[in-house]
Every structure is written in structure tokens, then in C-alpha cells.
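This report concerns only the one structure given below.
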Amino acid sequence: QLGPQALLGLFVGIVPVVIGMLFYPAMRDYPGGFALMAIALDEHLAQPKTLVLRGRGEAVTAWSSELAREFLPDTLVLAIADGAPGLPPLLDKPARPGEVNAWLCRGVSCLEPINDLLQLKERLKEKT
């Protein structure tokens with residue numbers, strides 16, 4: 001009779017090898033499809049962040065340039081100057097006090113707007 005540790009060893013050691021052998025021909029022939037599937041799974045498990053910057057053109061450009069120096073692999077930064085026509089409701093944020101306001105969103109949930117660049121950088125570093 002196999003004990004729980006032996007079953008765990010079987011599952012951890014052999015099952016991944018068998019699954020790999022089953023899918024290897026398809027992975028070899030269509031590697032891009034499997035890479036895209038892995039990316040989709042990653043985005044499903046931890047939704048990427050969207051950062052919407054709104055404000056005066058020069059200030060938005062300055063914030064965007066400063067954020068481009070940061071490592072933000074899971075964040076899409078959208079820098080949109082005030083007065084840009086034809087924006088969808090999600091991006092058409094209301095004007096607020098301050099040169100630039102940033103809305104940090106995950107999925108369809110957004111935090112309160114942030115109008116301080118240093119505070120925004122700190123918030124972007126947080127694991128949420």
C-alpha cells in the first residue's frame with residue numbers, strides 16, 4: 001500500500017513528465033500558441049494594472065516620461081491630455097485640481113485619483 005508521501009512523490013515527479021510528453025509535439029510545432037496561453041493565464045490570475053494619467057499636455061508628458069524609467073511590467077500607462085475628444089467613459093476621467101491626476105485601476109476597479117508623482121510611484125510598487 002502506498003503511503004501519502006509516496007502518492008505525493010508520484011504526483012510531483014511523474015505526472016508533470018507525462019503531461020509534458022503528451023503535449024510536447026504540439027508545443028514543439030506551435031510554441032507561440034502555448035506562450036500566449038501562458039500569458040493569458042498569468043493575466044487571468046493577476047489582472048494587469050492600468051494607469052490613466054490626465055492633465056495638461058506638458059505635465060502629462062513629464063509624468064509619463066518619469067514613469068517610463070520605472071520597471072512596471074504589469075502596468076499599462078495611458079497618458080491622455082485634457083481635452084482629448086472621443087474617449088470612452090473608462091478613460092474620460094473628470095478634471096480635478098492639480099496639474100496631473102492618475103487613476104490606478106485593476107480590472108474595472110480604480111483607486112481614488114493621485115496627484116503626487118512620488119505617492120503614485122510608491123503605490124505602483126505595492127503588491128495588490
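The values are calculated or read from the model by the stated rules, or taken from the named source; none is laboratory data. Note that the structure is a prediction, hence the values are computed from the model and not measured. Using ideal geometry, Cβ is built from the backbone for each residue, glycine included, and neighbour counts are taken over all protein chains shown. Calculation scope for accessible area: heavy atoms of the full protein, side chains included, ligands and nucleic acids excluded. Shrake-Rupley method; radii C 1.70, N 1.55, O 1.52, S 1.80 Å.
The table that follows gives values for the structure above.
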quantity: Top-ranked residue of segment 75-94 - restricted to ones that are surrounded by 13 or more Cβ atoms within 10 Å (Cβ to Cβ) and small (G, A, S), ranked as nearest to E122 (Cα to Cα); calculated: A79
quantity: Helices (runs of 4 or more DSSP H) fully within segment 1-83 counting 1 or more residues that are in contact with a Gly (Cβ under 9 Å, 6 or more places away or on another chain); calculated: 15-29, 57-68
quantity: In segment 76-121, the residues that are in contact with a Cys (Cβ under 9 Å, 6 or more places away or on another chain) and aliphatic (A, V, I, L, M); calculated: L90, L104, L111
quantity: Answer residue from segment 91-128, given it is outside any loop (DSSP other than H, G, I, E, B) and among the small types (G, A, S) and is nearest to E66 (Cα to Cα) among those; calculated: A102
quantity: Selection within segment 47-74 - closer than 15 Å to K125 by Cβ and either within 17 Å of the chain's Cα centre (by Cα) or open to solvent by 60 Å² or more (accessible area, probe 1.4 Å) (or both); calculated: K49, L51, L67, R69, E70, F71, L72, P73, D74
quantity: Selection status of V100, out of contact with any Pro (no Cβ under 9 Å at 6 or more places or on another chain), over 14 Å from T50 (Cα atoms), open to solvent by less than 60 Å² (accessible area, probe 1.4 Å) and free of Cβ contacts under 8 Å to residues at least 60 places away in the same chain; calculated: yes
